[in-house]
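Enquirer: Can you read through this structure? Questions will come right after.
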Amino acid sequence: MNDLRHRIHHNGGLLAAIGLFIVMFIIYISNHPVGLTVAVATTASNKAVLLALVAMAQTLPVLTRGLDLSVGMVFILANCLASVIVIGTIGEGLLGITVVLGAGALAGFINGAIIVWGRLQPIITTLATGAMYYGIALYIRPGPGGDVQSDIADLATGQLFGVVPTTLVVLLVIVLIVWLPYRNSVPGRAALAVGSNEQAAYMSGVPVQRAKLLAYTLAGLLAAAGGLMLTFNTYSGEASAPIAGTYTLNSIAAVVIGGTSLFGGWGSAIGSIFGAFVLRTIEDLLFVFDLDPLWQPLFQGVVLLAAVSLGALRVLRIRNRLELFT
Amino acid sequence: MSDAAPILEMKHVSKHYGGIAALNEVDFVACPGEIHAVLGENGAGKSTLIKIAAGVTDPSEGEVIVEGRRVNFRNPTEAMAAGVVCVFQELSLLPDMTVADNLSIVSPPLRGGLINGRAQRERARELLASIGCEDVHPLELVRDLPLSRRQMVEIAKALAKKPKLLILDEATSALTAADVEHVYTIIRNLKSAGVGILYVSHRMHEIEALADCATVFRNGRRIETFKKGERSVSAIVQMMIGRELIHHYPDKPVPKPAAPVALSAKNLSWGTQLRDISLDIRKGEIVGLGGLDGQGQRSLLLALFGVLKGVSGTVEVMGKPHRLSGPRAAMRAPLPLALIPEDRKTEGLMLPMNIRDNISLASLSHFQKGLRFDGGKEHSAVGKIIDRLKIKISDLAAAVSTLSGGNQQKVVLAKWLMTNPGIILLNDPTRGIDVGTKQEVYQLLRDLADKGVAVLFYSTDYAELIGCCDRVLVMYNGGIAQELMGQHLNERTIIETALNVDEKGQVA
Amino acid sequence: MSEPKLPVSAFPALRFSFDRSLIIAFTCIILMLFGGALYSREFLSPEYLLQQLQISAFLGIIASGVMMVILIGHIDLSIPWTVTLGAMMATAFAGWYGDTGNLLAIPVGIFCGAMVGLLNGIGVAYLRLPSMIFTLGMNAVVQGLMVLHTGGFAPQDHATDAMHFLAVGRPMFGIPNALLIWVVVGAFTTFLLTHTAFGRRVYAVGNREAAAYLSGVNTNAVIIWCFVLSGAAAAFAGVLLAGYSTKAYQAMGDPYLLPAIAAVVLGGTNILGGRGNYLGTIAGVILITLLQSILAVMQMPEAGRQIIYGIVILAMLLAYGRGEINRK
């Protein structure tokens, strides 16, 4: 059908990311000593969902043709904050979770506010706010430690009905209540419009500023959700700049692998989730193939570089050289 | 008709950019049920007037009154809410989104607070059908559409907002003749429904065909408003440029077939866009490329300049084989090639850079001695070319973006003349520039041809092709349909060949 | 028709047009010095200033390369491990080849950085990959190589005498050699940008690559050269840093990426490319160094330092680095 053809054309990047993940996951599982058990799936999911959430967060600013280099720092800030306030009874824990998510949204809103009203470049803005958020995280938790409400944490990192990893369910719920409504809302589409051509969007009467503010705010919220899940996994908080940096960088890689254009206007957070899964599976593959630890960083780097170099296939398809520059 | 209360009224409106007045104490009235043409050279103040009406910018002084209420639009959204909708010359479509998304970008049909995709697609289909664009699928991405279709979508988008005052700013510049007919019908229907229309165009025959009245602007001032038929075309043109026009086009010399062939192409093909094209251009000859928009003319120029990959066929320059590997190779051919590209803002110029840097960019190697760059030599060469083309500038170090459209195009021409080209390819160089500059461009091309330069000139304006070119190649569906010259070169034959029919030439 | 802009000369000759960003940056430098002087008299002593300039030099050399890449509208995120690579390859080469090694250590270090830049350039120019993501990948690859290198072969990691001399020596009127090297690198960069056709092409590519390409500019070559210069500058700084701290070590380049980008942008270079001049970068580098130094002298804990660092950069940028508004 004609409609279907257009839809496939629109979602090529997403489909490719899903396909890539499935292939890699099958290789992983077929070489895993135990195979696909609930425990293996849960461990894999618990790790992958962290990056998936941060990658989702990164997707929203990227769609507006921006970038958020502070997602990793917000992730770490939420982790440190949660290790201090998500404690006590379940009720207090839930309240703490709300506060952590609110803090993340606030951090995102500050990014958005500076970019929208201060009219600064997203890259440099989030570099600077990232340093601030990291400073706050360090202030909250100068050394690694802390605790987390264990009932919630056990539930969040366990399985539902003894089969389905809860983290996957959490991710699915976030997609259903955050991403999909956002994507089909007026401000969500406005964000894509802004990424596609900001001047044209403004001329068309699209609420440009509101769209950007919302995108960055939601990015902060999603990154904080990731930080919470990290706390549930580790039962502690740590203000680690390398971890924050790694997550920021991998989130960008996940967004690209997931078929979202770094030039904005094009892509989806669902693609980024699969991009994140792909990156995680690569690490797991190194484990099952028992690679010398000394070689692991190099191998990861080469795989990352190779993965992003897939984007170069575009060049082969271009027949008008002027299109190279857009 | 114009007795009705005006939709839009401007009183003593001025707009200053820095110290320069773009609009000076202008009074202007637009009435419902009236097609009002707005005329003037580029930089005359038309765009500023439109931008103020559409809420893109605000006036420095004066009042804007819409339907009797004084307004102060802060953005285009507020203007649209008041019923003032503008189709901008720079397309305001979002390239990465579908046609359906674009048509309902601001107030889409909702279901449960979310966008109802199905209803939106239906709405798009209806809107497209209403302007005769059934060939555009609502789910197609705008970036995949040709320019003429995009312009139609842009018009559909404006209509979807149910305007009380519709502003069309050069809205038909890229349309095919059949589309223009559709647009005329729509405009006339809107008019009888009581919608006011402001129509900006550089094409005099469009204005004659459509407008009820017209206002001429010059140097930021309103010169005169008059009813249809009150002023002759030449009187209007004179009002616009403020000086008498002696000839519209430079005289054509007697053809000299003995001149050697400068550029020869054989069997050029590129996908479905170029089909088996062969042509010869002699030195000193101006050859036109005509036909409906999007028949492969732009691709042909890009192919000859080496920008397209995978072009089959052969090209010879002065009898020597020439490889189509890119602009640098083209500039090193025995007769250097030059291309004046389609979009001067993105392909011809670096808008934030200064005039000197833009002009010398293609000929930097002329001024290089070893590693060192001879700034003095460059300065005098740039000065000479600016004098030769009469580019109006205040300062060599001013950004090109501060110049008017016509002067910007002259900067692009200057850049290429600096390289001493033997073959010049032009892609619709007079689009959106003022009458005065157009005249100068025609004269320049003829002067160059007289000095032995070969010119291949694509234009969407048939009158221009007839007036300027020694012969015209009319393209249809990627191939050359016919070559027209001498007495066969007239508007009627061009249109007939362009449409690839010789029945009812219902379009002008 | 656009808003009257600041007279930002896209092609500043040595007649630097003192635009707003430069004035603000230099005013801030002076204010910081006097503010510091209120805290401790030391801040205005020639010794302190020379020491600050010496420390600035490493950042300044890195920023020179980073600026070239930002001017063409790209970004080089492989700086951290290129710095480390330069340091490690130089020291290792000296260790492997004895006297010859000592002689060639510095050029080899720089050469390795240039090769990373070359690969970055090829990826960005020919493969048309976004520089942000490609250089990030290169950074990971170089990191992997260096982990393997230090883990597998246990090479010498001590700086040669020459490296040490260049980094900390002060043979001429007490002026640190590192500062003199920065002056040479800076003069070379300024010459390149303002007195060569290459410099003009850099600005053209940064403004609009399609138009530059159609004007016959070999845009791929321009891109590759800028990345090569960036890699070489980063590696050179790494060599000097190894000399400064007498050895090369893992992750020694990590603290330099953000300050280098911040310095270039604080100096008024447009992060989207096409606009900026070297004097601004000098101001940015000194500004960042002074800020770090003052926070250190005040014995601010790391958490507070990070927060203030972020706030100062934002405040400075809000003062002058703002984009143009849509509405004209």
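Enquirer: Return only the number of the condition from (1) of a type in the set (Asp, Glu); (2) more than 14 Å from chain C (Cβ to nearest Cβ); (3) under 29 Å from A:Gly265 (Cβ atoms) that A:Glu92 does not satisfy.
Expert: Here A:Glu92 clears every test but (3).
Enquirer: If B:Gly310 satisfies all but one of (1) over 20 Å from B:Leu445 (Cα atoms); (2) part of a loop (DSSP other than H, G, I, E, B); (3) within 14 Å of chain C (Cβ to nearest Cβ), what's the number of the condition it fails?
Expert: (3)
Enquirer: Okay, moving on. What is the one condition in (1) surrounded by fewer than 22 Cβ atoms within 10 Å (Cβ to Cβ); (2) within 14 Å of chain A (Cβ to nearest Cβ) that C:Met115 does not satisfy?
Expert: Result: C:Met115 fails condition (2) only.
Enquirer: In addition: Looking at the stretch B:102-114 only, could you name the residues that are surrounded by 19 or more Cβ atoms within 10 Å (Cβ to Cβ) and either over 17 Å from B:Val87 (Cβ atoms) or among the aromatic types (Phe, Trp, Tyr) (or both)?
Expert: The answer is B:Pro108, and nothing else.
Enquirer: Is at least one residue of the stretch B:202-218 of a type in the set (S, T, N, Q), over 27 Å from A:Asn197 (Cβ atoms) and surrounded by fewer than 18 Cβ atoms within 10 Å (Cβ to Cβ)?
Expert: No, the stretch B:202-218 contains no residue that is of a type in the set (S, T, N, Q), over 27 Å from A:Asn197 (Cβ atoms) and surrounded by fewer than 18 Cβ atoms within 10 Å (Cβ to Cβ).
Enquirer: Would you say B:Ile393 is over 30 Å from B:Gly296 (Cα atoms), surrounded by fewer than 18 Cβ atoms within 10 Å (Cβ to Cβ) and not assigned by TED's automatic domain parsing to the domain that holds B:Tyr462?
Expert: yes
Enquirer: What are the residue pairs meeting all of these: first residue in the stretch A:119-133, first residue facing another protein chain (nearest Cβ under 7 Å), second residue outside any helix (DSSP H, G or I) and β-branched (Val, Ile, Thr), Cβ atoms under 9 Å, and 6 or more apart or on different chains?
Expert: Correct list of pairs: A:Arg119/C:Ile325; A:Gln121/C:Ile271; A:Ile123/C:Ile75; A:Ile123/C:Ile271; A:Ile124/C:Ile271.
Enquirer: Return yes when B:Pro108 is part of a loop (DSSP other than H, G, I, E, B), over 30 Å from A:Gly264 (Cα atoms) and within 13 Å of another protein chain (Cβ to nearest Cβ) and no when it is not.
Expert: So B:Pro108 fails the test.
Enquirer: Then there's this: Within the bounds of the stretch B:52-59, is there any residue that is of a type in the set (Ser, Thr, Tyr) and in contact with a helix residue (DSSP H, G or I) (Cβ under 8 Å, 6 or more places away or on another chain)?
Expert: The answer is yes, given that some residue of the stretch B:52-59 is of a type in the set (Ser, Thr, Tyr) and in contact with a helix residue (DSSP H, G or I) (Cβ under 8 Å, 6 or more places away or on another chain).
Enquirer: Can you confirm whether B:Arg328 is of a type in the set (D, E, K, R), without any contact (Cβ under 8 Å) to a residue 24 or more places away in the chain and over 20 Å from C:Arg200 (Cα atoms)?
Expert: No.
Enquirer: Then there is this: Checking the condition basic (Lys, Arg), within 14 Å of chain A (Cβ to nearest Cβ) and either part of a loop (DSSP other than H, G, I, E, B) or surrounded by fewer than 24 Cβ atoms within 10 Å (Cβ to Cβ) (or both), which residue from C:Arg128, C:Arg201, C:Arg170 passes?
Expert: C:Arg128
Enquirer: A further question on this structure: When residues of the stretch B:55-83 are filtered for being in a strand (DSSP E or B) and under 18 Å from B:Gly45 (Cβ atoms), how many remain?
Expert: 4
Enquirer: Kindly indicate which of A:Val178, A:Val84, A:Val173 is touching a Leu at 6+ places or on another chain (Cβ under 9 Å), assigned to a helix (DSSP H, G or I) and away from chain C (no Cβ under 11 Å).
Expert: So the residue among A:Val178, A:Val84, A:Val173 that is touching a Leu at 6+ places or on another chain (Cβ under 9 Å), assigned to a helix (DSSP H, G or I) and away from chain C (no Cβ under 11 Å) is A:Val178.
Enquirer: Being modelled with pLDDT of 85 or more and farther than 17 Å from C:Ala232 by Cα narrows it down to one of C:Ile75, C:Ile29, so name that one.
Expert: One residue alone meets the criteria, C:Ile29.
Enquirer: Any residue at all in the stretch C:67-88 that is within 26 Å of A:Gln296 (Cβ to Cβ), part of a helix (DSSP H, G or I) and in contact with a His (Cβ under 7 Å, 6 or more places away or on another chain)?
Expert: yes
Enquirer: In the list A:Ala200, A:Ala224, A:Ala156, which residue meets the criterion of being surrounded by 24 or more Cβ atoms within 10 Å (Cβ to Cβ) and of a type in the set (A, V, I, L, M)?
Expert: Answer to the check: A:Ala224.
Enquirer: In addition: Residues that are within 20 Å of the chain's Cα centre (by Cα), crowded, with 19+ Cβ neighbours inside 10 Å, within 14 Å of chain C (Cβ to nearest Cβ) and of a type outside the set (A, V, I, L, M): does the stretch A:100-111 have at least one?
Expert: yes
Enquirer: Here is a check on your reading of the model: is C:Val147 touching a Phe, Trp or Tyr at 6+ places or on another chain (Cβ under 7 Å), within 14 Å of chain A (Cβ to nearest Cβ) and assigned to a helix (DSSP H, G or I)?
Expert: Against the criterion (touching a Phe, Trp or Tyr at 6+ places or on another chain (Cβ under 7 Å), within 14 Å of chain A (Cβ to nearest Cβ) and assigned to a helix (DSSP H, G or I)), C:Val147 does not qualify.
Enquirer: Output yes when any residue across the stretch B:55-76 is free of Cβ contacts under 8 Å to residues at least 40 places away in the same chain, among the hydroxyl-bearing types (Ser, Thr, Tyr) and either surrounded by fewer than 24 Cβ atoms within 10 Å (Cβ to Cβ) or more than 10 Å from chain A (Cβ to nearest Cβ) (or both), and no when none is.
Expert: Among the residues of the stretch B:55-76, not one is free of Cβ contacts under 8 Å to residues at least 40 places away in the same chain, among the hydroxyl-bearing types (Ser, Thr, Tyr) and either surrounded by fewer than 24 Cβ atoms within 10 Å (Cβ to Cβ) or more than 10 Å from chain A (Cβ to nearest Cβ) (or both), which makes the answer no.
Residue-by-condition table, conditions (1) crowded, with 23+ Cβ neighbours inside 10 Å; (2) more than 26 Å from B:Gly405 (Cα to Cα):
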{"residue": "B:Gly291", "(1), (2)": "yes, no"}
{"residue": "B:Arg298", "(1), (2)": "no, no"}
{"residue": "B:Gly306", "(1), (2)": "yes, yes"}
{"residue": "B:Gly310", "(1), (2)": "no, yes"}
{"residue": "B:Pro321", "(1), (2)": "no, yes"}
{"residue": "B:Ala333", "(1), (2)": "no, yes"}
{"residue": "B:Ile340", "(1), (2)": "yes, no"}
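Enquirer: Here is a further query. Out of everything in the stretch A:256-272 that is surrounded by 23 or more Cβ atoms within 10 Å (Cβ to Cβ), assigned to a helix (DSSP H, G or I) and not small (Gly, Ala, Ser), what residue ends up being nearest to the other protein chains (Cβ to nearest Cβ)?
Expert: My answer is A:Val256.
Enquirer: Next up: Any chance you could count how many residues in the stretch A:137-151 are surrounded by fewer than 23 Cβ atoms within 10 Å (Cβ to Cβ) and among the aliphatic types (A, V, I, L, M)?
Expert: Qualifying residue count for the region: 1.
Enquirer: Let me ask you something else. So which of A:Ala312, A:Ala253, A:Ala239 ends up being within 9 Å of another protein chain (Cβ to nearest Cβ), part of a loop (DSSP other than H, G, I, E, B) and touching a Leu at 6+ places or on another chain (Cβ under 8 Å)?
Expert: Exactly one residue qualifies, and that residue is A:Ala239.
Enquirer: Test of understanding: among B:Lys377, B:Lys410, which residue is within 26 Å of B:Gly467 (Cα to Cα) and not hydrophobic (A, V, I, L, M, F, W, C)?
Expert: Only one candidate qualifies: B:Lys410.
Enquirer: Given (1) surrounded by 14 or more Cβ atoms within 10 Å (Cβ to Cβ); (2) modelled with pLDDT of 75 or more; (3) closer than 20 Å to B:Ala449 by Cβ, where does B:Pro255 come up short, assuming only one miss?
Expert: (2)
Enquirer: Looking only at residues in the stretch B:257-307 that are β-branched (Val, Ile, Thr) and part of a strand (DSSP E or B), which one is farthest from B:Arg492 (Cα to Cα)?
Expert: Result: B:Val261.
Enquirer: If A:Thr248 passes every condition in (1) at pLDDT 85 or above; (2) surrounded by fewer than 20 Cβ atoms within 10 Å (Cβ to Cβ) but one, which one does it miss?
Expert: Every condition holds for A:Thr248 apart from (2).
Enquirer: Could you pull out every one of the helices (runs of 4 or more DSSP H) wholly within the stretch B:327-428 that has 1 or more residues that are within 26 Å of B:Leu300 (Cβ to Cβ) and over 26 Å from the mean Cα position of the chain (by Cα)?
Expert: The qualifying helices (runs of 4 or more DSSP H) are B:327-331.
Enquirer: Test B:Pro95 against the stated conditions and say whether it is under 25 Å from the mean Cα position of the chain (by Cα) and touching a residue at least 40 places away in the same chain (Cβ under 8 Å).
Expert: Criteria met by B:Pro95.
The values are calculated or read from the model by the stated rules, or taken from the named source; none is laboratory data. Only a predicted model underlies this, so the values are computations on that prediction, with no experimental measurement involved. Glycine also receives a Cβ, built like all others from the backbone with ideal geometry; neighbour counts cover every protein chain displayed.
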